[in-house]
Amino acid sequence: MLSHGILRKYPQIRSTMLLGGALILLVSVLYSSVSGDTAPAARESDYDIYSRGFRVGELKTICEVLSCNEKRVLKFASSTRVKINLLLYSFTLDNREEALISDEGTISYRRTTREKDSVCDVEGRMAHGRFLLDISENGIKHSMAVDREKYDYTSMECPETAMKHEGDEMTLRLLDLDTLMLVNRRYRWIKNEEVTIDGRKINCRVIDFSDVNKQCRRWIRPDAAGAIIVRQEGTGKNGRYSLRMAHLRDS
């Protein structure tokens, strides 16, 4: 975990670290009801991370549509790297996430965060109607279990893709795997906006969401594999960040 001293001096770093789950990536619910789009076998996206106007890191996500027991499953992986070098201060962060998501929700989850000599590992899985989490922080281990009936989605899913019309609003119970908390998250479809990436025009929904820990505006395009997240502007308890797609590759 990040030290309190670092967070006080550079509060934006904590928000950057949480991009993995927030997004994150969030490209992960399988909505086969979306018509007119064909899911690619794999999709890679590269993002630049900014804080206070400075580029501080990069994020890479990979999504693959797989078949498991004759069902479609999305395999999602992301890696976030932050590096800051100032005259009297330097900081590096490496955050990696993996998840498997089906139509019923998140099946499994893993996250490893490294910051200097500090390491936090989180492993989760759905079993017997509960999402089981094993957490290790610098060798200190503990666990938690959340009944499936207590949440609608996890933060690895992108429930806003189910919204039907501009102006729609909804509130859902979310298992936030970034903070390991149950929260009520409010969503609102603000408008539609076209964004160009690598010369490719992407028609995006602009969605605002908020909960007790964060506020965010996200530019997404639903498709048969879930959603492409093109841009994200957010505020957490410790600062603001900006995430912008730099490259998008389908295969």
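Quick rundown of the values:
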item: Pairs, first over 28 Å from C158 (Cα atoms) and in contact (Cβ under 8 Å) with a residue 40 or more places away in the chain in the range 81-106, second surrounded by 12 or more Cβ atoms within 10 Å (Cβ to Cβ) and acidic (D, E), C-beta under 8 Å, six or more apart; result: F91/E115
item: Options T196, T171: the member that is loosely packed, with under 15 Cβ neighbours inside 10 Å and under 30 Å from A145 (Cβ atoms); result: T171
item: Filter pass, F76 being of a type in the set (F, W, Y), assigned to a strand (DSSP E or B), buried (at least 16 other Cβ atoms within 10 Å of the Cβ) and under 16 Å from the mean Cα position of the chain (by Cα); result: yes
item: The range 85-99 - residue that is under 18 Å from S51 (Cα atoms) and surrounded by fewer than 17 Cβ atoms within 10 Å (Cβ to Cβ) and, of those, farthest from the chain's Cα centre (by Cα); result: L87
item: Residue list for the range 207-240, filter: farther than 28 Å from S102 by Cβ and either touching a Lys or Arg at 6+ places or on another chain (Cβ under 8 Å) or at pLDDT below 85 (or both); result: E233, T235, G236, K237, N238, G239, R240
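Every residue, every condition in (1) part of a strand (DSSP E or B); (2) out of contact with any strand residue (DSSP E or B) (no Cβ under 9 Å at 6 or more places or on another chain); (3) of a type in the set (S, T, N, Q); (4) at pLDDT below 75, yes or no:
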| site | (1), (2), (3), (4) |
| --- | --- |
| L25 | no, no, no, yes |
| V29 | no, no, no, yes |
| S33 | no, yes, yes, yes |
| R55 | yes, no, no, no |
| L66 | yes, no, no, no |
| R72 | yes, no, no, no |
| D94 | yes, no, no, no |
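The values are calculated or read from the model by the stated rules, or taken from the named source; none is laboratory data. Keep in mind it's a predicted model, so treat the numbers as computed, not measured. Because the Cβ atoms are built from the backbone with ideal geometry, glycine has one as well, and the counts that use them run over all protein chains shown.
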